[in-house]
Amino acid sequence: MVDLTVVDGSTRAGPCTVVWTDPFTKERRRGPFSCAGHRDPLLPTYEVGFVVSYGPWKGDLYNSELKGSPSNDVVLGLQDAAELLVVAGGIGGAFSVHHRRRRGAAPARVRTAPVRPGSPYPTPLARRAARASLVWAGRARRALNR
């Protein structure tokens, strides 16, 4: 947000010429702006604008109604495309869930190894976890021979 000084002296809404200090380069600039037209009579040359801070439009001015820089059109177009992608993803996800529930896929079978009597690791998952921890600890030969 930058403070603008209206140079051409018009108080009506529409295009006007303004002077401002660029916040990025710190140089004084002069250019066209879309004035609001409802300025305070005590400050007839004061206007507030916004400066684009990205891309090839860096330094361009626009007002609170997003008029004045083509960067806003690009951003709004990208926003519309992103919203369409979100809607399409939601619809695709809903179809996927519907088909999975409708098909009624059987749960995956888990093969279990017989439990050795006296084994400190009674379930296959616990044996795998214990073996993996022994491998990471460097005692792999003994772990793999079990």
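Length gained on full extension, Ala13 to His38: 8.3 nm, using 0.36 nm per residue less the C-alpha separation. Each residue of segment 30-35 was assigned a 3J(HN,Hα) from its phi angle through the Karplus expression (A = 6.51, B = -1.76, C = 1.60, θ = phi - 60°), giving 9, x, x, 8, 9, 6 Hz with x at Gly and Pro. What is segment 2-83 by shape, rounded, prolate or oblate, if you read a ≥ b ≥ c off the alpha carbon gyration tensor as root eigenvalues and call it rounded for a/c under 1.5, prolate for a/b larger than b/c, and oblate otherwise? Oblate is the answer for segment 2-83, as a/c is 1.5 or above yet b/c matches or exceeds a/b. In loop segments of segment 1-74 as defined by DSSP, the GluC sites (Glu not before Pro) with at most 10 further C-beta atoms inside 10 Å of their C-beta are Glu27, Glu65. Amide H to amide H, with H built 1.01 Å from N, Val18 comes under 5 Å of Val7, Gly31, Phe33, counting only residues 5 or more places away or on other chains.
Backbone amide hydrogens, once placed in the peptide plane, bring Gly49 within less than 5 Å of Val2, Leu4, excluding anything fewer than 5 places away on its chain. Coupling constants for segment 15-22 follow from the phi torsions by the Karplus curve (6.51 cos²θ - 1.76 cosθ + 1.60, θ = phi - 60°), and in residue order they are x, 8, 9, 10, 10, 8, 9, 5 Hz; glycine and proline get x.
Here, each number is a calculation from the coordinates, and none is a lab measurement. If you're wondering where the values come from, they're calculated on a predicted model, not measured in any experiment. Glycine also receives a Cβ, built like all others from the backbone with ideal geometry; neighbour counts cover every protein chain displayed.
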